[in-house]
Structure formats: C-alpha cells, structure tokens
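The structure under discussion appears below in the form of structure tokens.
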C-alpha cells in the first residue's frame, strides 16, 4: 500500500488523490506528499534547467530528442508552492505573463505567477482577491517534455511547467517561447531536433513564423535547412551550435512539428457546429511517392451569429474546396 500511495501522490492532483484515498484508506495528501522522494520534489514552475543537466543529459546520452508541449485543464486555485531552487515559498495559480521574457526569476522576489507569501493573512487574502477579480487566474497548465526519437524505452523527461495566462497569449509569444527552449537545450548540451505542439492556433502560427524565411532574416545572414524543391516552403532556421559533452559539434536547425491527430479532431469537432463552416483552399492531393512537404493547405474558418442567416454559398457542417478564399 505504501508503494501504491507514493505512485498516486506523484500522479494525481490533490482533489483526485483525496477521492481515491478515501476509498483505499490512505494517508491524507499533505502527509503522503511529505514522504515523496527528493527527485519528485526537485521541480519548479517555469524552466527546469537543472532537470535537463542532471536527468535528461544522462538518460539520453547524446541521442536525438524532440520537445513536446501541450496544455491541460487545471483547477482554478491559489496554492502554496515550495521552490526547490530558491528555497522560498510562493502562492501560485495566477497565469504567467504571456511574454516569457517577463517570467519570474529564480529568487525570493518572485514575479507574476509566483507571488511570495506575505507574513500576514490579510496581505495574502488581498493578493488572492485581486487575482480572482481581475481575471488573472490560470485555467490551463502547459507542460514541456523531452522524448528520445530513437529509443522509446527511455521515456520522456518533463523539464517545463507553467500556468498559462487566461488571455493575451498570441503566436508571437509562442514563438519567443520556442526560442527560449532552444537556449535551454544549448546551455544544457541536449541534442534536440525541434518542438512539437498540438494544432492550436498559437502553435500553428508560431511554427509558420519559425520556418518561413523573411527578407530581414536573409539580410542578417540566417541560414535555413530544407530541400531544393520550390514546393518546400517551410525551412528549419539555424539557431546556433555548440560543442557537446562528447566532443562532437551539433547545430540547432530547429523545426516545428504539428500533431496531425489533434488537427483531424479539430476539423471533426468544428464540422458539428451549425454556426461554423470550413473552407479549404490551395489543396494538393498527395500520392504515396510524393513528399508531404509538397502539400499546402489553407483553412478558412467562418463564424456566423445564431441570429443571422448563413451565406447560401457555404452551408453549415460541410467542407468545400475552392481556388480562392470566400469573400462573403
């Protein structure tokens, strides 16, 4: 039962653990959490560079990896969090700043999303009230993890965790977050091919901006990795390189990978709404001997209020193929 209790307290949140503990007659959450191993507690909100250096670098031992990020729904609560790096206690639950350059630094001063616990109850209640009334409570937690591309048995290593802001997080902020991850891989001597996200709007936008060369990028001398094909429009930018621990130089030509199952699910879900219509343009039908890079597809999503008539050309719940985007 002790082993089962340790597994549950590491895998479940407080509410879920309490529900299971009542059935199995386990210890309360606080006592079970105090019996966790040191490795389970050595984790902080934001980036965990120490996890990359102490765990990921030894586990993957120079093999190629890919970074995967996704958001999960969370309880809208303000809770106490002990930061193992600074040794300070914070109140967490407020969404981080959309711009990762403004994230709280390691130290007792904290920042948005990591509020130092005040010495008085009144001051803590004032902060909690302000976060709730101003709509800054986070309802989703983003998790970033590394996974080996050549050996599934090695498993993944979580090295990033932050409460997402409830609003104001756009594609440019997601792109800056990509660049921040590349800096972490570089500093930690991790060979990472790129980032993989679900087909959320900010991930699609950031991935497109990351792999689309611009005139400014060309003028400053940015190099790109791709194929000599005119239809190959998404290229991997060279974001620097370094000499790894094994003495081999590695270049970070970072790529973005979209998750196809998420995109398919999004399409199916949107087709079920009577107020939405999907219009596909510039579609190329692929054959098995062609590269997926030769396919370009633009998705136009039209939303109509319930109290308005829908344009007769585009009805609800259907897919249309056209050469030009719809103008109505």
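The values are calculated or read from the model by the stated rules, or taken from the named source; none is laboratory data. Please read these numbers as outputs of a predicted model, since none were measured by experiment. Positions of Cβ are backbone-derived with ideal geometry, glycine not excepted, and every protein chain shown enters the neighbour counts.
Out of the residues in region 44-64 that are buried (at least 17 other Cβ atoms within 10 Å of the Cβ) and not in a helix (DSSP H, G or I), state the one that is modelled with the lowest pLDDT. This residue is 44.
Each residue in region 209-239 was checked for being at positive phi and surrounded by 15 or more Cβ atoms within 10 Å (Cβ to Cβ), and 0 pass.
Is it the case that region 107-129 has a residue that's within 14 Å of the chain's Cα centre (by Cα), in contact (Cβ under 8 Å) with a residue 40 or more places away in the chain, in a strand (DSSP E or B) and surrounded by 14 or more Cβ atoms within 10 Å (Cβ to Cβ)? Checked region 107-129: no residue is within 14 Å of the chain's Cα centre (by Cα), in contact (Cβ under 8 Å) with a residue 40 or more places away in the chain, in a strand (DSSP E or B) and surrounded by 14 or more Cβ atoms within 10 Å (Cβ to Cβ). For residue 163, the conditions (1) surrounded by fewer than 20 Cβ atoms within 10 Å (Cβ to Cβ); (2) touching a strand residue (DSSP E or B) at 6+ places or on another chain (Cβ under 9 Å); (3) in contact (Cβ under 8 Å) with a residue 40 or more places away in the chain all hold with the exception of (1).
The requirement of being within 21 Å of the chain's Cα centre (by Cα), part of a loop (DSSP other than H, G, I, E, B) and without any contact (Cβ under 8 Å) to a residue 40 or more places away in the chain is not satisfied by residue 222.
Residue 67 - would you say it is surrounded by fewer than 18 Cβ atoms within 10 Å (Cβ to Cβ), in the same structural domain as residue 185 (by TED's automatic domain parsing) and in a strand (DSSP E or B)?
On the way: surrounded by fewer than 18 Cβ atoms within 10 Å (Cβ to Cβ): no; in the same structural domain as residue 185 (by TED's automatic domain parsing): yes; in a strand (DSSP E or B): yes.
No.
Of all the numbered requirements in (1) touching a strand residue (DSSP E or B) at 6+ places or on another chain (Cβ under 9 Å); (2) over 15 Å from residue 257 (Cβ atoms); (3) without any contact (Cβ under 8 Å) to a residue 40 or more places away in the chain, residue 242 misses one, and that requirement is (3).
Out of curiosity, is residue 149 surrounded by fewer than 19 Cβ atoms within 10 Å (Cβ to Cβ), in the same structural domain as residue 57 (by TED's automatic domain parsing) and without any contact (Cβ under 8 Å) to a residue 40 or more places away in the chain? Steps first, please.
On the way: surrounded by fewer than 19 Cβ atoms within 10 Å (Cβ to Cβ): yes; in the same structural domain as residue 57 (by TED's automatic domain parsing): yes; without any contact (Cβ under 8 Å) to a residue 40 or more places away in the chain: no.
The answer is no for residue 149.
The single condition among (1) surrounded by fewer than 17 Cβ atoms within 10 Å (Cβ to Cβ); (2) on the phi > 0 side of the Ramachandran plot that residue 242 does not meet is (2). Restricting 258, 247 to residues that are out of contact with any helix residue (DSSP H, G or I) (no Cβ under 8 Å at 6 or more places or on another chain) and either surrounded by fewer than 17 Cβ atoms within 10 Å (Cβ to Cβ) or not assigned by TED's automatic domain parsing to the domain that holds residue 104 (or both) narrows the list to 247. Within region 77-101, residues that are outside the structural domain of residue 141 (by TED's automatic domain parsing) reach no partner that is at pLDDT below 90 with beta carbons closer than 9 Å at six or more positions or on different chains. Report whether or not residue 306 is over 30 Å from residue 156 (Cβ atoms) and either modelled with pLDDT of 80 or more or not assigned by TED's automatic domain parsing to the domain that holds residue 67 (or both). For residue 306, the condition - over 30 Å from residue 156 (Cβ atoms) and either modelled with pLDDT of 80 or more or not assigned by TED's automatic domain parsing to the domain that holds residue 67 (or both) - is met.
A single entry from 27, 114, 100 fulfils the requirement of being in contact with a helix residue (DSSP H, G or I) (Cβ under 8 Å, 6 or more places away or on another chain) and at pLDDT 85 or above: 100.
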